[in-house]
Structures are given as C-alpha cells and as structure tokens.
1. Evaluate the following for residue B:354: is it closer than 18 Å to residue B:5 by Cα, surrounded by fewer than 23 Cβ atoms within 10 Å (Cβ to Cβ) and out of contact with any strand residue (DSSP E or B) (no Cβ under 8 Å at 6 or more places or on another chain)?
2. Take the residues in the stretch A:58-69 that are surrounded by fewer than 19 Cβ atoms within 10 Å (Cβ to Cβ) and either without any contact (Cβ under 8 Å) to a residue 12 or more places away in the chain or more than 16 Å from residue B:294 (Cβ to Cβ) (or both), then tell me which one is nearest to the other protein chains (Cβ to nearest Cβ).
3. Restricting the search to the stretch B:502-520, which residues are within 18 Å of residue A:49 (Cβ to Cβ) and surrounded by fewer than 18 Cβ atoms within 10 Å (Cβ to Cβ)?
4. Can you tell me which condition residue A:38 does not meet? The list is (1) crowded, with 19+ Cβ neighbours inside 10 Å; (2) without any contact (Cβ under 8 Å) to a residue 24 or more places away in the chain, and all the others hold.
5. Here are B:188, B:160, B:192: which of them is farther than 26 Å from residue B:47 by Cα, surrounded by fewer than 20 Cβ atoms within 10 Å (Cβ to Cβ), touching a strand residue (DSSP E or B) at 6+ places or on another chain (Cβ under 6 Å) and modelled with pLDDT of 95 or more?
6. Restrict the check to the stretch B:532-542 and report whether at least one residue is more than 14 Å from every other protein chain (Cβ to nearest Cβ), within 17 Å of residue B:499 (Cβ to Cβ) and either in contact with a helix residue (DSSP H, G or I) (Cβ under 7 Å, 6 or more places away or on another chain) or assigned to a strand (DSSP E or B) (or both).
7. Taking residue B:342 and the conditions (1) within 28 Å of residue B:9 (Cβ to Cβ); (2) modelled with pLDDT of 95 or more; (3) in a loop (DSSP other than H, G, I, E, B), which numbered condition does it fall short on, given that it satisfies the others?
8. Is it fair to say residue A:18 is assigned to a helix (DSSP H, G or I), at pLDDT below 95, within 14 Å of another protein chain (Cβ to nearest Cβ) and more than 22 Å from residue B:486 (Cα to Cα)?
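The values are calculated or read from the model by the stated rules, or taken from the named source; none is laboratory data. Since we're looking at a predicted model, the values are computed, not measured. All Cβ positions, glycine included, derive from the backbone under ideal geometry; neighbour counts span all protein chains shown.
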C-alpha cells in the first residue's frame, strides 16, 4: 500500500476515475452523473468491482472493508468516502 | 492436503428426501419419476409451464408466494402462483397475437426483473422456444446468438436494446418483434411496449397439446473451437429438473429457495425458475449484484432455507470473512432459517466446503452438471457424508463412467469403441449414459458437433475426473481449452475472433489464468501487426475494444503481447502450451508443435506485465 495522505475532492475523484479506467479503459465519464450508480452505467460486474476496491485501496493507501461498499456506489459518495478515510486514516 | 470427511451422523431437522443413496439408486426409474408430474389435462402431453405454474395455480397453492423479487433498490415484490398463472397466460396471448407460435424463438435479454419470469413461462405455455441471454454480454455475443438461434422475438429493456442490439437490428433477418420492458418503447422505432401489450391481453390461456419431445429451451454454450453452440432442451427435461431438485437440493414444499445464478445461464433457468416452481416453493429473486452484506441480508430477511450458489461467490464471501475469524459479518444476521447450501459452476475447493461449516454452520454441497446435461448429474446429498473437494456421486438414474483418454486429451475412440476405466483413482474423461430426460437433443443447426459429443453410447462431457474406491467423483480439469470464469463457460475462439477484428492484432491465443476468486480469468496473448507497439496504450486500447464488443462477462481481463505464439503444424495456436507456460507446468506432449521449438518460442516472448 502506498503512503496514505489526505486527498481533497478533486484528487479523490481523479483517483477514482483513473482506477475505473484501469478496468474499463474507454469509460466515458460524460455519461456518469455524480449521483448515478457508476457500476450500472459503466457495466462493472462483481469481479470488476472487486478489482476497483483493490485499486482504490492501494492507490489511496487506505483499508476498505465490505461494510464500506455501500459508500462506493456513486462517484460523489465514493469521492466523499476517500476524502474522509484518507483524512482520518483507516 | 487431505481433508477430513464431513459426517452426517446427526439427524437433520428436516428429513431429507434422499435418505438411503444405494436403495434409492437401486429402485429408481425415470418412468416412475415421470409419474410424479401431472401432465397437461386430458392427456394432452407435458409442458414445463403447466408443471411449474398452472398446476399450482389451480390448487390450494394458488395463494402461495411463487416469486419474491428483491429490487436493486431493496423493494420487495411478491408474486403468487395464481398471479404468475395469469401473467404468463397474458404473455402467451401477447405472443399469439403477434403471430408467434409453436417452435418460434423468443429471446430474453433482461436483468432479474419480475417480467423475465412471466416471459420465460409464458413463452413455454405458448409452445414457443425460450432462449435466454445474459444481460452482461456485449453486442457481439448477443448478435451472434440471436442469429444462430433464429430469434423471432426479443424481450429486453430500452437501455439494453440501445446498447446491444439497435445498431445491428437490420441484420437480424428473422427478428420480427422487439418488446421493451419498462419505459422507453415510444422513443425507439420498431419496438413495442411490453406493458401495453400485456394490458390488452386476456389472462386466460389454454396450453396447446405439447409433446414431451417438443423443444422448449435453447441454451448457448461455448466449445473450444468455432461459434457458440445452441443446446436444445425439450419439455420432458422437467422430469429431471423435478427429481434432481428433490434429491440434490432437497427441496420441500415449504422451502424458501434462492438460486443466485442469472437465468441467462442454464443454472439460473433450470434451478432459478423451472425446478423450484415445480416444487411449489417460494423462489427468491435478487435483481442486484453480488455484495456480501446484501446477500446475508437477503438470506436473513427472506428466511431462505435452501441456497444454491457458486464457488466464485463463496470465495468472495470467504475473503470478507476468513475461516480464521472473526465471524462478525455473517453472525450479525439471523441465518437460522438456512438449512442446506449447494454450489455449482466449477469445482468447489475443499476450503469453501469447510468454511461453510465453520462460518455459516452448514457445509457446502458441491454438485456437477453442464448446459448439455440440463440438470444436476453428480452431487453431494443432504443425508450423505461429504468428502470436501469431491463433486459427489451420480444421482439416481444417472450412469457415469471414466473413459481412457487418447492423444488429443479427449476420450479415446478406437473402432467406434471407448475404454471404460474401472480401476479407481485413474484420471479420464467423464462420460454419461444417455437416457436421462434433460439431456440436450443436439446443438441447433449443427449435426457434426452434436455427433462429436457422443461415442459408443456415451455422452462425452469434456471434463476430466477420477473416481475414488467408494464411487465419489473428483474434478481434475477440462479436457479441452474452454475457460471457466466465475462459473461461466467461455469459448476462447469467441474472444480470439473479437480481438482479431482490431487492426493491431495479427493473431491471438486465449486461455484461462488461475485466479483465487474467479477460478480463472480470461487472458489473451496477442501478436501485433507491424507498426503497432507493444505498449500500455495498445494494451488499454485492446482491453477496451474487447470489452465493448464482448461485454464484461466474456472480455479478457489481461492481455500479454507475444510475437511468437506457439503453433501446431496445422497452424493453430497451441493454447494448451500457452496455459502450461502460464502455470509453469511441464509443457507436455509438444510433438505437434511447429518450429521454432518451445524453448526458442519461450525466450522470444515479449510479454510485459499487465
């Protein structure tokens, strides 16, 4: 895991998009509203989502548990989650 | 590592349907089993929809809940057998009104919404043929299967239609009607509103005479080479659906049953719809995707008593709650209604069997079958000891054998005869003696590949197994190159063909790379055309291209560049060798390998980490 440091919203969002792009390289974020369920819009299946959690966890340097998954549904709540989690540590 | 046998010497709370395995096998006959079904009134034949719906709708079970559908938003909708009887009658009338009848093909491309169940069973009532497609397929697999299956009607949503069908609608010659479930039909030319058609249709329908041998379901599956194969199943399959659910899933009428498989695949059709409804139980349907918390909540809130799931899902649950503990997550839910767990899709590792016992308080019962068999063939039973890692023993009425393999890895056929390996512990190809009612009746429009699936009076499964001294079967691997990923069968040829359409790709070889969660993930080795760099940009481009075409369920998750793919002398890419190298295994028989030698090819590889 990389060194954890607090992320601001813009950094968190760009980290999320980069991570999704690792899985769906041509993900079109113009189709995803901040409060859309991005898994549905971008067609991420269960295995994709698991990979995404691993990427986010590694890149942001935070632990992400099963109970956090409900906070990783939309781009806006995932951003909020990463900002808070990197601020307070995991 | 030897795993201790899980004994079943304490009496179970619910007396199992199959109590004495040997006795049941000895007295079993498919003919007698047929007698448990009602048949169409007036001796008009056998129809799956009558056994699954109308039979109950006309009895005191009419008010019992047939489907309990949990929406993505957690809303719960209940459908009784009586209601399902009426909605399926409406849909049969809708089809009839469109001029669709006996033998005509109706394709579904839908999520696990309540309408799917109406469409499936209504189609069967109308004696039309239902062909389910997985909604996570991309446009290419959808188009190919619709073409091969002669799709005349498609039932889908506006979103799926726009993304996966609309662009090539004109090339689907047989497709006469597209029915849109939910909103959006008004904005899509050439489509009809499912809701509007249903509203205008009568809710009574008399099922026409149906022969047990009439085609009912068309399930596509993948082979090593060539295009997908459409396995044809008939109404008589219901006899096997009923009996196997009785024995291997131990269904009782008061059960709440949840099969987590999507009805786009054979498991979700045979055991997510047909078999449990035949037993008159309540079927839980979850429209949402896997999520550990969500799944435990559904098990608890819906009071699920029998649960049929898959190794990939179990392994995901195991990651969240390892056997070493703590068990806080599952223990925070009331799983007291649960009494039996079974798994299918690929072989279940012994850790998962034991994990179930320790963490959920119930061992997981692995079983084995495939698209062609239509129903469970080999299983661990509620009343029988479990040898963790074994798929169990053949069901009553099922005769299995292990056949000696020839040079190509498949069962050896000499002068039309196979060799049965009687000695225990020896690896060979699993074969089944035809005669069970849910056996596929051939691959649609493909007599050569149908014929190739049989030899000397046996159906050849393509799976390698060994049988121990006491008759328990153990999965060893595939005898061919098809890939099992997350329980789904993926044909390497289909993936290679899609990749070949990218301008950068000269050639590719696709294999399954072992993965701790999915069993295997699809990995492609790609030879680039001159002028293209083996760069990460090219890799991303190819991954995106394949995913767009094939969808997440089929697309490769990993791509490696290799300018020197190994070939057979006849010029085919040797997937077997690619896989052996990937696994660091001995490369086996390479006598059919062309120059350069395997060593040279190996050192010439320009693979980069994904």
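1. Values: closer than 18 Å to residue B:5 by Cα: yes; surrounded by fewer than 23 Cβ atoms within 10 Å (Cβ to Cβ): yes; out of contact with any strand residue (DSSP E or B) (no Cβ under 8 Å at 6 or more places or on another chain): no.
No: the conditions fail for residue B:354.
2. The selected residue is A:66.
3. B:516
4. The number of the failed condition is (2).
5. B:192
6. Yes.
7. Against the list (1) within 28 Å of residue B:9 (Cβ to Cβ); (2) modelled with pLDDT of 95 or more; (3) in a loop (DSSP other than H, G, I, E, B), residue B:342 comes up short only on (3).
8. Working: assigned to a helix (DSSP H, G or I): yes; at pLDDT below 95: no; within 14 Å of another protein chain (Cβ to nearest Cβ): yes; more than 22 Å from residue B:486 (Cα to Cα): yes.
In short, no.
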